[in-house]
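Comments concern the structure below.
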Amino acid sequence: MIISAKETFGNLDSKDIKQNILAVGIRELELWKRAITADEKLFNQLYKFIFSDEQRLAWRSCWILDTASEEFPDLFAGKLPDLIEGLSTTKNSSLKRHFTRILSRYQIPEEFLGMVVNLSFDLLKPSEPAAVRVNALQILYNIALQLPELKGELIAVLEQLIEDGGSAGFINRSTRLLKILRS
């Protein structure tokens, strides 16, 4: 007998959901993705958790939502302002990675462009993890497509970042984006 994801998680209270999220591994991820796309209440519960002070709970919840939003981009429709605010306040590198990864897949609303550009440039610091830096680069590139006046500044920053060095993945992404921006 096949039990749906909604049936699996639909009767759990908040405490049980937290316990289950903290135990999620890669094998359970697909079930959670199906569950949150089928059950708006469960999605909203996990969405609240990403802003929790419990770092591990916030990270695991964000990981599930981030992964699900790859297949179901409408999950974050209307929620980008919250994610941008979360990115601006979090110190948690795992959340920064997921927030930037999610934001890199969406067109940033015009009223938040300046804030996101500033946040993304700040996230290019060598002290940030490589994945956060790469995602911030992608966000800046996407915005430069919207705002051509940002292109020159981004080219200059990319040239400097390549000169300063970094991880192989970061340098590779910087070089690829630089070539595209110059063409």
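The values are calculated or read from the model by the stated rules, or taken from the named source; none is laboratory data. As the structure is a prediction and not an experimental result, all values here were calculated from the model. Cβ sites come from the backbone with ideal geometry, for glycine too, and all protein chains shown count toward neighbours. SASA here: full protein model, heavy atoms, side chains in, ligands and nucleic acids out. Shrake-Rupley method; radii C 1.70, N 1.55, O 1.52, S 1.80 Å.
A few notes on this one:
- Residue (of 174, 75, 44) at the positive-pole extreme of the chain, dipole from beta-carbon charges: 174
- Accessible surface calculations at 1.4 Å, restricted to protein heavy atoms, place the chain at 53 Å² per residue.
- Rounded Å value of the spacing that divides the Cα centres of region 125-139 and region 157-183: 12
- Cα centroid of region 42-71 to Cα centroid of region 91-115, whole Å: 14
- Estimated distance in nm for a label pair at residue 179 and residue 12, the labels positioned 7 Å out from Cα along Cα-to-Cβ: 4.4
- Expressed as a fraction of 2.2 N^0.38 Å, the value expected for a compact globular protein of N residues, the C-alpha radius of gyration of region 47-126 is 1.02.
- Remark on the chain: ratio of C-alpha radius of gyration to 2.2 N^0.38 Å is 1.12.
- Globularity index of region 108-167, i.e. its alpha-carbon radius of gyration over 2.2 N^0.38 Å: 1.07
- Relative contact order for the chain: 13 percent, from Cα pairs under 8 Å spaced at least 6 residues apart, divided by residue count.
- Greater than 22 Å apart at Cα, pairs in 79/125; 48/91; 15/41; 79/151; 125/151; 33/96: 79/125; 79/151
- About its Cα centre, the dipole of the chain is roughly 440 debye, where the only charges are +1 on Lys and Arg Cβ and -1 on Asp and Glu Cβ.
- Using just its DSSP H runs of length 4 or more, each adding -39500 (n - 2.57), the chain gives a mean residue ellipticity at 222 nm of -22000 deg cm²/dmol after division by all residues.
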